[in-house]
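Okay, structure first, notes after.
The values are calculated or read from the model by the stated rules, or taken from the named source; none is laboratory data. The structure displayed is predicted, hence computed values, not measured ones. Glycine also receives a Cβ, built like all others from the backbone with ideal geometry; neighbour counts cover every protein chain displayed.
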Amino acid sequence: MTGTRAILIALVVGFWPALGSGADAGVDRGIDAGTDAAVPDVAPPPPSIPADRLPTLSLSVAPKEAAVGELIQWNLKVKRRSGDRVHVLSGASFSGLEVHSKEVQQIGTDGEWVEEIFSIKLIGFEPGQVEVGAQKLTVVDEQGRVAELTTDGATVEIKSLIANEPEPELKPDTGPGEAVIEKNYTLLWILGILAGVGLVALLTLIARKLWAMRKPKPGPPPPPPRPAEEIALEKLTALKESTLLDEGQVKVFHIRLSETIREYVGNRYGFDSLELSTEELVVELRNRKIAALMFDSIIEFLNETDLVKFAKLIPTLDESRGLLRQGFAVVEHTTPQPAVTTTAPTKDEDAAPTKGADDA
């Protein structure tokens, strides 16, 4: 058993160098074979900006405690070389805060160094603690060298407006409060009503004027009626100057004479007398309370003319002319006489006879 072990050890020791040389030969062959293959070109990384030329950063976040909807100011003060450029990455994230506005402002220069502030206004709408993470900046110097910087982080507490009240309620009204402007249209209503009334009045005046223009203008007023005695005397005079009696037209003469007196009596006493018979005319005259003498004279005249008109009585020329004179008398005696006004004698008139008598 011991001899067998010795033989195996000897065999291993004898073959181990050969195995090692064969492995090395395979590796060499592989590297040599690979030397003929094309090796791709890889661009070397851009040179970095030396540390003494890197900008310095100073971050401030205020306020650290803000209510929901209140603005939070994120200000990053950067001091850089005048020829360098600093960029805040466009995809910067501020966790649970939303960006309200951004602004970059240069605040001063000191030789080769320039100071500027990157201002970002943030708003929080969810109450709680918000971790404002570190933001990355890219720096490019005049030689095109690039470097990347990282700002510090910050913690902001967003408080609810009603966080201190378990059951929030509105505060009681302890003062006049804000003035509430109520729209009052009373004045407008009054002005509108007045304008409407004025418009209606104006339209009414225009309509009346147009209507008056459409209507024909009234003519001059008729002349006053002629007096009854004037008409009667005119007709009696015409009858007196006519030649009816000379021509033998006695009946026509008496008919016209009768109608003239009948018309006069009706006009004088205010009734329609031409269509009345003699009896009806007598009744109307009685109702007018005419003087008895004049009443009898009119009745006698009408009876005389009726005899010629209806009884075919033919009077003589003298009788006809006498009847005509009687008609003139009826008109003259029934015509109202103008009132005579008497004036009292003056002192001079009273004194004159006395003076004359004294002279006598």
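Could you list, in sequence order, the residues of segment 277-298 that are closer than 17 Å to THR334 by Cβ and exposed (fewer than 15 other Cβ atoms within 10 Å of the Cβ)? Passing the criteria: ARG286, ASN287, ARG288, LYS289, ALA291, ALA292, LEU293, MET294, ASP296.
Examine segment 231-241 for a residue that is more than 23 Å from GLU332 (Cβ to Cβ) and either touching a Gly at 6+ places or on another chain (Cβ under 8 Å) or surrounded by fewer than 17 Cβ atoms within 10 Å (Cβ to Cβ) (or both), and state whether such a residue exists. The answer is no; no qualifying residue exists.
Take the residues in segment 257-276 that are of a type outside the set (D, E, K, R) and over 22 Å from SER320 (Cα atoms), then tell me which one is surrounded by the fewest Cβ atoms within 10 Å (Cβ to Cβ). My answer is GLY270.
For every residue, the table says whether it meets (1) within 24 Å of VAL282 (Cβ to Cβ); (2) among the polar types (S, T, N, Q); (3) in contact (Cβ under 8 Å) with a residue 12 or more places away in the chain; (4) outside the structural domain of PHE295 (by TED's automatic domain parsing).
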{"position": "PRO222", "(1), (2), (3), (4)": "no, no, no, yes"}
{"position": "THR237", "(1), (2), (3), (4)": "no, yes, no, no"}
{"position": "LYS240", "(1), (2), (3), (4)": "no, no, yes, no"}
{"position": "GLU247", "(1), (2), (3), (4)": "no, no, no, no"}
{"position": "HIS254", "(1), (2), (3), (4)": "yes, no, yes, no"}
{"position": "ILE261", "(1), (2), (3), (4)": "yes, no, yes, no"}
{"position": "VAL265", "(1), (2), (3), (4)": "yes, no, yes, no"}
{"position": "TYR269", "(1), (2), (3), (4)": "yes, no, yes, no"}
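With respect to the conditions (1) of a type outside the set (Ser, Thr, Tyr); (2) surrounded by 10 or more Cβ atoms within 10 Å (Cβ to Cβ); (3) more than 21 Å from PRO315 (Cα to Cα), ARG214 falls short on a single one, namely (2). Taking the numbered list (1) among the aliphatic types (A, V, I, L, M); (2) closer than 22 Å to ILE231 by Cα; (3) out of contact with any His (no Cβ under 9 Å at 6 or more places or on another chain); (4) at pLDDT 85 or above in turn, LEU323 passes all entries but (3).
When GLY133, GLY128, GLY111 are checked against the criterion of being over 55 Å from the mean Cα position of the chain (by Cα) and exposed (fewer than 13 other Cβ atoms within 10 Å of the Cβ), a single residue qualifies: GLY111. Across segment 133-148, the qualifying residues are those that are in a loop (DSSP other than H, G, I, E, B) and more than 19 Å from ASN75 (Cβ to Cβ), and the one among them that is modelled with the highest pLDDT is ARG145. Name the residues in segment 50-88 that are aliphatic (A, V, I, L, M) and in contact with a Pro (Cβ under 8 Å, 6 or more places away or on another chain), would you? Residues satisfying the conditions are VAL68, ILE72, VAL78, VAL86.
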